[in-house]
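Remarks on the structure that follows.
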Amino acid sequence: MTPNRLIHEKSPYLLQHAHNPVEWYPWGDEAFRKAREENKPVFLSIGYSTCHWCHVMERESFEDEEVAALLNEGFVSIKVDREERPDIDAVYMGVCQALTGSGGWPLTVFLAPDRKPFYAGTYFPKRARYGRPGVMELLTAIRKKWVSDREHLDELGEQVISTVAGHLEESSPGEPNPELLQRSFHYLEGAFDPVYGGFHSAPKFPTPHQLLLLLRCWKRFEEPNALEMVEKTLQGMYCGGIFDHIGFGFSRYSTDRKWLAPHFEKMLYDNALISLAYLETYQATEKVFYAEAARDVFSYVLREMTAPEGGFYTAEDADSEGVEGKFYLWTPAEVKEVLGGDDGDYFCSLYDITEKGNFEGKNIPNLIQRREKIFSDGKVPAWQERVGELRRKLFAAREGRIHPFKDDKILTSWNGLMIAALARGAWVLDDERYADAARRAAEFLLKNLRNQEGRLLARYREGDAAYSAYLDDYAFFAWGLMELYQATFEVQYLEDAIRLTREMYDLFWDDESGGFFFTAIEGDELPTRPKEIADGAVPSGNSVAAWNLLHLARLTGDGNFEELSQRQLRAFAGAAEAAPQACTFYLCALDFSLGPPQEIVVAGEKEDDRASRLLKVLRSAYLPQAVIMHHPADGERAAAALIPHIDGKEPLNGTPAVYICENYSCQEPVTSPEELEERL
């Protein structure tokens with residue numbers, strides 16, 4: 001079949017549709033010019049390459065000649081990768097949620113040639129069923145309305161975008177206070193599933209930023225139930241089928257309450273944020289299992305999701321050979337063929353692999369029935385060593401199957417999250433491999449994801465970097481660089497984080513109402529500039545920006561960062577007041593701002609064994625209010641100029657020392673690991 005215009009794109013999602021009979025256009029002036037000249041409405045379809053229901057809609061409708069004929073005759077059809085163009089997705093997803101009360105992908109929107117929307121929805125089957133209108137009926141009705149009453153649709157578009165723009169652009173200011181943390185805790189407490197962990201019923205999403213907030217509530221308010229909710233959720237997720245027990249890594253969400261049956265796609269951002277939750281819980285509880293769970297996630301990312309150049313790929317699909325989850329499912333016979341009778345029976349019994357099956361006649365390996373026994377003492381189970389060898393054999397056999405599609409584009413924003421996670425992993429687990437991976441990714445982004453003027457870019461694939469970066473790209477990458485500084489004490493990463501944050505202010509800050517817009521000041525393609533504070537699958541860019549500003553203010557002592565961080569917190573306190581459960585990473589930033597502040601300086605060479613023993617104590621401690629800095633024994637001038645806190649904090653008579661300043665007063669330096677542990 002002759003390819004359509006998408007054949008020239010780099011996006012794997014757009015390329016998946018390049019041989020549809022639909023005459024797709026990429027987003028751009030050419031498509032909207034054609035719509036104006038031919039007086040046609042625009043059919044906008046937004047999705048991503050590993051989206052299961054996007055694949056279903058493509059098979060049912062976009063590969064269908066009958067649907068294509070209607071689209072090609074009466075509409076200009078535009079296909080958008082929401083991961084490449086989150087700015088477009090943010091605006092029109094807001095429209096869909098305003099019009100229908102819900103959203104999701106595939107996102108389907110009808111626009112006038114001036115880009116103003118008048119109708120929106122998500123997945124539509126070819127023909128009406130299950131109470132959903134069909135694509136055929138919808139296209140026919142809208143085309144008829146367009147011809148007979150275009151004026152009404154234009155008016156509707158004006159009303160929709162006016163209403164939605166007012167909501168998307170607002171900041172919702174207020175006064176931040178500790179009560180917001182308590183309110184969010186009580187909301188999550190009420191939504192918690194005490195049997196399987198997680199919040200609400202099915203479907204269940206990991207939402208690790210909620211767990212990060214609960215850890216802070218446990219610490220600040222001495223709420224034991226907050227920690228219990230975190231632990232039960234992380235244990236439930238690990239034991240369920242949402243975790244890949246053969247090859248590791250977490251899927252995007254569970255379709256059931258037990259965490260058993262996921263939509264099998266694996267997203268880079270989920271695995272980054274989930275690993276952060278396991279790492280912090282390990283620090284809070286000292287239970288080795290949580291450290292090992294984080295290591296499992298990193299093993300998956302470094303093996304499957306790391307490009308040779310150093311960046312991280314975006315996602316892996318749910319489907320293989322056109323069947324959801326096929327790559328991940330097992331029968332008892334398949335297991336025994338690989339492991340033999342005795343080991344096969346043992347593995348099947350342990351991981352719930354039966355003749356009946358637990359997913360469409362086959363089996364998702366899981367430990368749900370074993371959870372209580374596994375976590376009775378918080379240790380890694382003794383049988384793990386035997387299981388590890390069996391798992392490796394099954395993994396080797398599974399490698400011979402047809403793999404799910406991998407979206408190999410590299411996104412600055414999601415790479416920033418994984419850099420943050422790996423850097424934190426390097427710090428907490430004292431594992432240089434993770435620091436090296438984070439360094440390589442950071443260097444790759446700094447080298448390849450900038451244009452000739454030095455402006456950050458959002459997407460890289462096959463040597464092509466494109467799209468001016470969005471707020472999330474700046475905020476998430478700066479976060480990763482700050483974590484990389486605190487993991488390695490290499491000052492250039494802090495310098496880069498500062499530079500990106502200042503660029504972010506210049507490009508995205510709203511001088512009138514405060515807060516950061518999602519799109520930069522020069523953007524003019526869309527009818528509105530959204531400004532997001534509510535967290536979704538990832539924290540909002542504004543929440544992470546608040547986090548970054550607060551940490552940079554503490555690290556550098558720069559009053560400008562301090563002032564801006566407080567303006568940022570006030571700009572969205574009203575939104576957090578209205579729905580604290582939707583702004584949990586903003587509340588993590590708020591918790592940090594409430595203090596008491598801790599500035600910890602390690603003086604002495606890291607390679608000194610005496611310094612290593614002090615660092616080991618710091619690595620194991622859960623210190624959500626702390627920033628940790630390093631003053632090398634040779635008194636590096638660049639570091640002292642950037643980080644005034646380290647000035648004058650030297651090793652004591654050649655012995656490495658730790659200086660703790662808490663709540664604006666400094667204690668005597670500590671040289672003994674035992675005394676340091678007691679102080680902390």
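Here are a few things to note about the model shown:
- Spacing of the two label points (7 Å from each Cα toward its C-beta) at residue 309 and residue 537, in nm: 2.4 nm
- Approximate shape of the chain as ellipsoid semi-axes (Cα gyration tensor, √5λ), whole Å, largest first: 42, 33, 22
- Residue pairs, from the table 79/531; 10/79; 258/287, whose Cα atoms sit over 19 Å apart: 79/531; 258/287
- Of all DSSP beta bridges in region 598-679, antiparallel share, percent nearest 5: 60 percent
- Counting charges near residue 21 (Lys, Arg +1; Asp, Glu -1) among other residues having Cβ under 14 Å from its Cβ returns a value of -4.
- Residues whose amide H comes within less than 5 Å of that of residue 515, counting only those at least five positions distant or on another chain, are 510 (H built at 1.01 Å from N in the peptide plane).
- Remark: region 510-585 carries a charge dipole of roughly 300 debye about the Cα centre, counting +1 on each Lys and Arg Cβ and -1 on each Asp and Glu Cβ.
- Of all DSSP beta bridges in the chain, antiparallel share, percent nearest 5: 75 percent
- Considering only 493, 583, 645, and ranking their Cα positions along the charge dipole of the chain that arises from unit charges at the beta-carbon of Lys, Arg, Asp and Glu, the one farthest toward the positive end is 583.
- Take the Cα radius of gyration of region 169-313 and divide it by 2.2 N^0.38 Å, N being the number of residues; the result is 1.10.
- Once the mean of 1/r is taken over each pair of separate Cα atoms and inverted, region 524-648 shows a Kirkwood hydrodynamic radius of 16.6 Å.
- Ellipsoid semi-axes in whole angstrom, largest first, where each is sqrt(5λ) of the Cα gyration tensor of region 332-398: 21, 16, 9
- q = 0.20 Å⁻¹, region 5-168: log10 I(q)/I(0) [Debye, one scatterer per Cα]: -1.50
- Average projected area [Cα convex hull, region 598-679], square nanometres: 5.1 nm²
- Legend: distances between Cα atoms for 232/406; 145/409; 326/393; 116/145; 393/606; pairs beyond 28 Å are 232/406; 145/409; 393/606.
- Pairwise centroid distance, computed over Cα atoms, of region 328-395 with region 290-307, Å: 20 Å
- Axis angle, to the nearest 10 degrees, between helix 224-239 and the longest C-alpha principal axis of the chain: 60 degrees.
- Annotation: amide H of residue 77 within the under-5 Å range of 25, 43, sequence separation 5 or more or interchain, hydrogens built in the peptide plane.
- Dipole check for region 87-174: with +1 at the C-beta of Lys and Arg, -1 at the C-beta of Asp and Glu, and the Cα centre as origin, the magnitude is about 720 Debye.
- Extent along the principal axes, Cα only, for region 494-557: 39, 26, 21 Å, with the longest axis given first.
- Counting only residues at least eight positions apart within a chain, or on another chain, the aspartates and glutamates with an alpha carbon under 17 Å from that of residue 362 are 244, 256, 319, 321, 324, 334, 337, 345, 352.
- Those GluC sites (Glu not before Pro) in region 258-360 that DSSP places in a loop and that have at most 15 other beta carbons within 10 Å: 286, 309, 321, 355, 360
- Test item: Cα-centred dipole of region 23-177, Lys/Arg +1 and Asp/Glu -1 on Cβ, debye: 480 debye
- Length added when fully stretched, residue 607-residue 433, from 0.36 nm per residue minus Cα-Cα: 61.0 nm
Bear in mind that the values in this text are calculations on the coordinates, not laboratory data. This structure is a prediction, so every number in the text was calculated from the model and none was measured. All Cβ positions, even for glycine, are placed from backbone atoms using ideal geometry, and neighbour counts span all protein chains on display.
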